[in-house]
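What follows is a short report on a single structure.
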Amino acid sequence: MTRLEKGELRWGIFFILPWLLGLIIFTAYPIVMSFYYSFTDYSIVQEPFWVGLDNYKTLIRIDAIFWKSLENTFYMLGLGLPLSLIAGLLLAILLNMKVKGMAIHRTIFYLPSILPEVATAILWVWLFNPQYGLVNAILSWFGINGPGWLADPTWAKPALILMGLWGVGGGMIIYLASLQDVPQELYEAAELDGARGWQKMVHITLPMISPVIFFNLIMGIIGTFQFSVQTFVATGGGPAYSTMFYGLYLYYNAFQWWKMGYASAMAWILFLITLLMTILIFKTSAGWVYYHTESK
Amino acid sequence: MSKRILGLVLTLVFIISTFSTLAYAEKVKIVYWTGWGGSELEDLKKIIDEGFNKKRSDIEVETVTTFGAYEKLLAAIAGGTPPDVVSAVWDSQLASLAARGAIVPLDNYIRKDKIHSSDFWPRLWQSFQYDGKVYALAATTNCQFTAFNVDMVQAAGLNPKTPPKNTKELYDWAQKLTKFDDRGNIQILGYRPSGIALWGRLFGGKLYDEKNKKITANDPKVVEAMEYLLSYNKFLDPTKYAAFTSALGNYWSPENPFFAGKMAMQDYGEWIVQFGKKYNPKLKYDIFPYVTPTGIRNSTQFGGSMFCIPVGSKHKDEAWEFIKWISSPEPMKKIAIAFTNMPPRIAVAKDPEVLEAIPVLKLTIPLMEKGNAFTSVSMPVWEQYMTELSAAESMVINGQKKPKEALDDVTTRIQQELDTFLARQQKK
């Protein structure tokens with residue numbers, strides 16, 4: 001390196017030093033420590049006590065609630081995530097039409113996703129109240145006797161999915177951006193060949209925006225696994241463990257049951273599962289994700 | 001010349017400021033985290049200010065509220081900056097903290113300052129202890145019972161002078177007092193017993209065998225209690241019940257369901273006197289002890305805030321002085337009257353002024369003195385145990401598990417947790 005390069009390097013590091021220190025102290029160090037804690041019994045008020053693989057063994061072999069929380073989380077993954085991906089996409093297609101006042105429509109649909117999570121959770125608890133809430137009131141206009149929603153073990157998770165769908169505006173904006181990126185010539189060429197609406201969708205739109213679908217899928221998986229703020233406020237894990245999600249169970253273990261070591265083990269298992277799923281999706285992505293910038 | 005004057009002035013300022021900090025350094029400042037909030041917090045601060053801060057020249061107490069933020073204490077202890085005194089600890093949480101060495105035993109202080117355990121309610125004094133050591137004192141306690149709305153009871157054709165004597169009569173009253181609308185939704189709730197930890201005890205069972213360190217959630221009497229809780233499903237559909245209760249006002253607010261006329265009966269402690277005065281002075285209520293299957297009504301569940309000293313406190317002696325003061329007769333009496341709670345000291349509880357301010361003590365003092373007075377389970381994995389029990393109750397009420405099965409599962413899981421905890425404590 002020349003003297004100039006060395007000087008510039010030094011200044012560069014100096015400028016990013018605050019951020020770098022923050023990253024090391026507040027992110028890297030806790031991550032490393034949590035890995036260590038996952039092999040200990042750590043109640044926070046006492047020193048960590050080495051227990052080797054006991055936490056992992058107990059989680060996988062004995063802890064029924066661990067498996068229930070995974071089951072609940074995969075339910076959200078299997079039902080909630082596809083619904084939110086499809087809803088976001090449909091919404092984006094609708095909002096891509098050239099209609100007057102579209103900017104206002106887009107803003108309205110985007111707003112819910114930036115509201116504070118706790119406030120929207122409390123709002124929806126009231127909307128879903130089986131006796132006084134608006135949801136069942138509206139259903140009753142159509143003669144439908146609404147279910148117990150958050151008070152009923154069978155309907156609590158669907159209620160939470162609906163709650164999450166209200167915030168689909170965030171993903172929608174990204175879809176919108178990518179939809180507008182699809183070259184018009186492709187549509188025109190397809191119309192010349194006699195393609196109809198549905199065929200245009202499947203053969204042009206979807207492939208061209210597949211990178212964004214891919215991105216939203218990965219982010220959605222990571223987000224769903226960590227889903228717990230709304231549940232903590234709305235149901236606390238009930239009724240009858242039907243909304244005890246992985247993130248929530250982890251929280252209880254760490255901060256209410258004096259088992260930070262156990263919770264750390266849960267965190268690392270979560271990391272492993274998320275990593276495996278992400279790798280799997282990346283590996284299969286070559287089959288359906290099309291980066292139109294690659295073929296020039 | 002001007003430089004010299006400047007130098008002199010600066011030196012003078014320096015000297016004066018040094019002396020003034022020395023003067024302040026004489027008073028030791030201690031921090032007290034309390035669980036009380038709202039108007040009770042204001043009353044408490046006033047009592048502490050007038051009775052302790054102004055009267056003592058060596059210690060000053062700063063009262064901070066931590067309304068429902070138990071995790072704050074954890075973080076503070078872990079971070080090495082705990083408060084010097086904390087009372088946001090319930091009797092049931094004492095064991096968890098003591099077993100993990102988070103709070104300081106007070107036996108030496110008690111011996112040194114000659115605090116007599118016989119001055120306090122015997123069972124309450126027991127609840128201050130874990131593993132034979134005293135870890136807390138209390139300035140207040142509460143005994144619980146069931147209260148009913150006299151007008152509603154009369155309107156339903158029942159006799160307010162003869163409240164339910166046993167579980168069968170309670171069921172009967174609850175059913176007659178519940179009103180539905182034409183869509184089958186609950187308009188007014190008569191009563192629904194809840195809390196298997198409480199009702200298991202009322203049915204004569206025990207949730208924890210302390211001597212043998214055995215979890216006994218599947219004790220036959222506890223299973224019986226669970227069946228009783230389940231039986232209310234016959235007229236209270238669980239979903240409709242959950243819908244109704246989730247829309248009720250906060251218990252600790254002017255929208256309190258009992259005082260707002262949404263419930264005909266509800267459980268309370270001595271604080272009902274204060275609630276009545278504040279939230280609905282016109283509501284006529286009366287009280288009766290918890291019912292049991294046998295018809296013997298001498299049971300009560302008691303408990304309250306425990307004043308403890310976290311291990312990391314840097315002013316333990318001063319913290320003790322504060323705890324000693326607040327659990328002494330005079331402040332205890334003032335707090336009891338302000339909050340309408342039961343005083344932990346027997347003599348203070350029987351003081352005519354206290355009895356006049358809190359009429360319900362006429363019912364609760366005999367229960368505490370001679371009756372079947374118990375406190376909630378106190379053991380090191382209590383928090384997880386209670387979460388499991390309430391989930392089990394929820395599963396039973398929602399028809400997902402049978403009572404015995406649900407309680408068996410809880411017993412197995414929590415026994416395993418407790419065994420693991422105790423085994424590891426040995427090795428530490």
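The values are calculated or read from the model by the stated rules, or taken from the named source; none is laboratory data. What you see is a predicted model; the values in this text were computed from it and never measured. Cβ atoms come from the backbone with ideal geometry, glycine included; neighbour counts cover every protein chain shown.
Structural remarks
- Every condition in (1) more than 20 Å from A:Thr120 (Cα to Cα); (2) out of contact with any Lys or Arg (no Cβ under 6 Å at 6 or more places or on another chain) is met by A:Tyr241 except one, and the failing one is (2).
- Note on segment B:321-359: residues that are among the aliphatic types (A, V, I, L, M) and crowded, with 19+ Cβ neighbours inside 10 Å amount to 11.
- Close pairs from segment A:109-120: first of a type in the set (S, T, N, Q), partner assigned to a helix (DSSP H, G or I), Cβ under 6 Å, at least 6 apart: A:Ser113/A:Gly169; A:Ser113/A:Gly170
- Some residue of segment A:81-96 being assigned by TED's automatic domain parsing to the domain that holds A:Gln184, free of Cβ contacts under 8 Å to residues at least 60 places away in the same chain, surrounded by fewer than 16 Cβ atoms within 10 Å (Cβ to Cβ) and not in a helix (DSSP H, G or I): no
- Output for segment A:97-142, where each listed residue is within 14 Å of another protein chain (Cβ to nearest Cβ) and part of a loop (DSSP other than H, G, I, E, B): A:Phe128, A:Asn129, A:Pro130, A:Gln131, A:Tyr132, A:Gly133
- Of all residue pairs spaced 6 or more apart or on separate chains, those with beta-carbon atoms under 6 Å, a first member in segment B:99-127 that is assigned by TED's automatic domain parsing to the domain that holds B:Val86 and a second member that is small (Gly, Ala, Ser) and not in a loop (DSSP other than H, G, I, E, B) are B:Arg123/B:Ala373; B:Trp125/B:Ser117.
- Subset of segment B:97-119 [among the small types (Gly, Ala, Ser) and in contact with a strand residue (DSSP E or B) (Cβ under 9 Å, 6 or more places away or on another chain)]: B:Ala98, B:Ala99, B:Ala102, B:Ser117
- Failed criterion for A:Ile221 (all others in (1) modelled with pLDDT of 85 or more; (2) β-branched (Val, Ile, Thr); (3) over 29 Å from A:Val118 (Cβ atoms) hold): (3)
- Of all the residues in segment B:262-286, those that are in contact (Cβ under 8 Å) with a residue 40 or more places away in the chain and under 17 Å from the mean Cα position of the chain (by Cα) number 9.
- Options B:Ser231, B:Ser253, B:Ser305, B:Ser246; residue that is among the hydroxyl-bearing types (Ser, Thr, Tyr) and more than 26 Å from B:Thr178 (Cα to Cα): B:Ser305
- The set of residues in segment B:74-96 being at pLDDT 85 or above and out of contact with any strand residue (DSSP E or B) (no Cβ under 8 Å at 6 or more places or on another chain) consists of B:Thr81, B:Gln93, B:Ser96.
- From the list B:Thr375, B:Thr412, the one residue that fits, being within 30 Å of A:Ser43 (Cα to Cα) and either surrounded by fewer than 17 Cβ atoms within 10 Å (Cβ to Cβ) or aromatic (Phe, Trp, Tyr) (or both), is B:Thr412.
- Of the residues screened, A:Ile93 is not one that is farther than 19 Å from A:Leu179 by Cβ, modelled with pLDDT under 90 and in contact with a helix residue (DSSP H, G or I) (Cβ under 8 Å, 6 or more places away or on another chain).
- Number of the condition not met by A:Glu71 [criteria: (1) farther than 30 Å from B:Gly101 by Cα; (2) acidic (Asp, Glu); (3) in contact (Cβ under 8 Å) with a residue 40 or more places away in the chain]: (3)
- Scoring B:Ile296 on the criteria (1) of a type in the set (A, V, I, L, M, F, W, C); (2) surrounded by fewer than 16 Cβ atoms within 10 Å (Cβ to Cβ); (3) not assigned by TED's automatic domain parsing to the domain that holds B:Lys206 leaves a single failure, condition (3).
- Unmet criterion (only one of (1) away from chain A (no Cβ under 13 Å); (2) touching a helix residue (DSSP H, G or I) at 6+ places or on another chain (Cβ under 7 Å); (3) assigned to a helix (DSSP H, G or I)) for B:Thr63: (3)
- Any hit, segment B:350-357, residues being free of Cβ contacts under 8 Å to residues at least 40 places away in the same chain and within 12 Å of chain A (Cβ to nearest Cβ): no
- Qualifying residue in segment A:258-280 (condition: in a loop (DSSP other than H, G, I, E, B) and buried (at least 16 other Cβ atoms within 10 Å of the Cβ)): yes
- Residue match in segment A:159-172 (condition: within 14 Å of chain B (Cβ to nearest Cβ) and either crowded, with 18+ Cβ neighbours inside 10 Å or at pLDDT 90 or above (or both)): yes
- Residues of segment A:43-80 that are within 10 Å of chain B (Cβ to nearest Cβ) and in a loop (DSSP other than H, G, I, E, B): A:Ser43, A:Ile44, A:Val45, A:Gln46, A:Glu47, A:Val51, A:Asp63.
- Residue ranges of helices (runs of 4 or more DSSP H) in segment B:361-428 with at least 3 members within 12 Å of chain A (Cβ to nearest Cβ), under 17 Å from B:Gly200 (Cα atoms) and among the polar types (S, T, N, Q): B:382-397
- All positions within segment B:164-178 that are of a type in the set (Lys, Arg) and surrounded by 14 or more Cβ atoms within 10 Å (Cβ to Cβ): B:Lys165, B:Lys176
- Test: residue in segment B:99-109 that is part of a strand (DSSP E or B) and within 22 Å of the chain's Cα centre (by Cα): yes
- Close pairs from segment A:208-231: first touching a residue at least 12 places away in the same chain (Cβ under 8 Å) and farther than 29 Å from A:Pro183 by Cα, partner surrounded by fewer than 18 Cβ atoms within 10 Å (Cβ to Cβ) and among the acidic types (Asp, Glu), Cβ under 9 Å, at least 6 apart: A:Val229/A:Glu117; A:Gln230/A:Glu117
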